[in-house]
1. If packing is taken as the mean number of other Cβ atoms within 10 Å per residue, what is the order of 105-117, 299-311, highest first?
2. Determine the gain in length on full extension of the stretch residue 77-residue 204; use 0.36 nm per residue of separation and subtract their C-alpha separation, reporting nm with one decimal.
3. Among 52, 190, 92, determine the one that fluctuates most according to a GNM of the chain built with springs between C-alpha atoms less than 10 Å apart.
4. Let's test the formula: R0 of 22 Å, r as the Cβ-Cβ distance of residue 122 and residue 190. What FRET efficiency results, to the nearest 0.05?
5. Given the -39500 (n - 2.57) contribution per DSSP H run of 4+ residues, what per-residue ellipticity at 222 nm results for the chain, rounded to the nearest 500 deg cm²/dmol?
6. If r is the Cβ-Cβ distance from residue 68 to residue 88 and R0 is 56 Å, what FRET efficiency results, to the nearest 0.05?
7. With percent of Cα pairs over 34 Å apart as the read-out, I listed (i) 32; (ii) 50; (iii) 41; which label goes with the value calculated from this structure?
8. Could you work out how far apart the two model spin labels at residue 137 and residue 25 are, taking each label as a point 7 Å from the Cα in the direction of the beta carbon, and quote it in nm?
């Protein structure tokens, strides 16, 4: 074997391959087209004829030896690689996560609005913070009325001119001030009153109030609309009753009860063992309110009503404690997921 071949073989045996980078250096030095071994192959043509066969055979054997070493190093490194085992089992069935659901108060409020929208009422909304005129004065509340007292109303920064609305009737006032009759609107929203929190009452609750102003509107018209609503909301067998009452902004006024859906009229803590539950107040709009809002009370008349959403939800879902709506207990709320 010629001296150059001996030198290349010695380099092959001494070359240390520990990493993939070393393996690539080995390939470039001994097996690439520009390697010393490849150049040695090119020298075959310059060897004298009688030695050319022997020289070529030695160089080819050296090339095969270099390839064998390369393959051996490569296989050794591949076998030494620890295969990655994922901690995720791709064959395992996926975990089912429970989806969110609307709050029962939102469900009932949307249902109430949809019922009235079916018979021509439009929905209006507004700010939770209102001024005295739109909450009290325009609605015929005298200055000495108890609802203006600090014990019933949350005022903003102790300023009696601004407060958290105690009812959504303020939206009715704004509608009458900005829109000429005929007016047919419902006003859903959150309201605030400084009341003791019990199973039947809360300082925060939700209302939907309705207003219809036109010519020749009667109490009988209002009764039929409310009867339609009660049957749509609670079932066609629902019974209602109207009791005379008093509100500063309506005259005559009434409160409407339905037969208690929780006890079936037998008596429970929700209906105070009477078999009936009040769900709304209503009446014919007082002429003073119309005049305050710029509507001619001699030409137009109408009716108004207001109902509590929490009370509706309690009856609809047979819930006997209003506080459950505000506690955010997931076990309670999951019952309303569809």
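Each value in this text was obtained by applying a stated rule to the coordinates, not by laboratory testing. On a predicted model such as this, the values are computed, not experimentally measured, just so you know. Here Cβ is always computed from backbone atoms with ideal geometry, including for glycine, and neighbour counts include all displayed protein chains.
1. Final packing ranking: 299-311, 105-117.
2. Net length gain for the segment: 38.5 nm.
3. Highest fluctuation among the options: 52.
4. Plugging the Cβ-Cβ distance into 1/(1 + (r/R0)^6) gives 0.65.
5. Computed mean residue ellipticity for the chain: -11500 deg cm²/dmol.
6. The calculated FRET efficiency here is 0.85.
7. Given (i) 32; (ii) 50; (iii) 41, the structure-derived one carries the label (ii).
8. 9.3 nm
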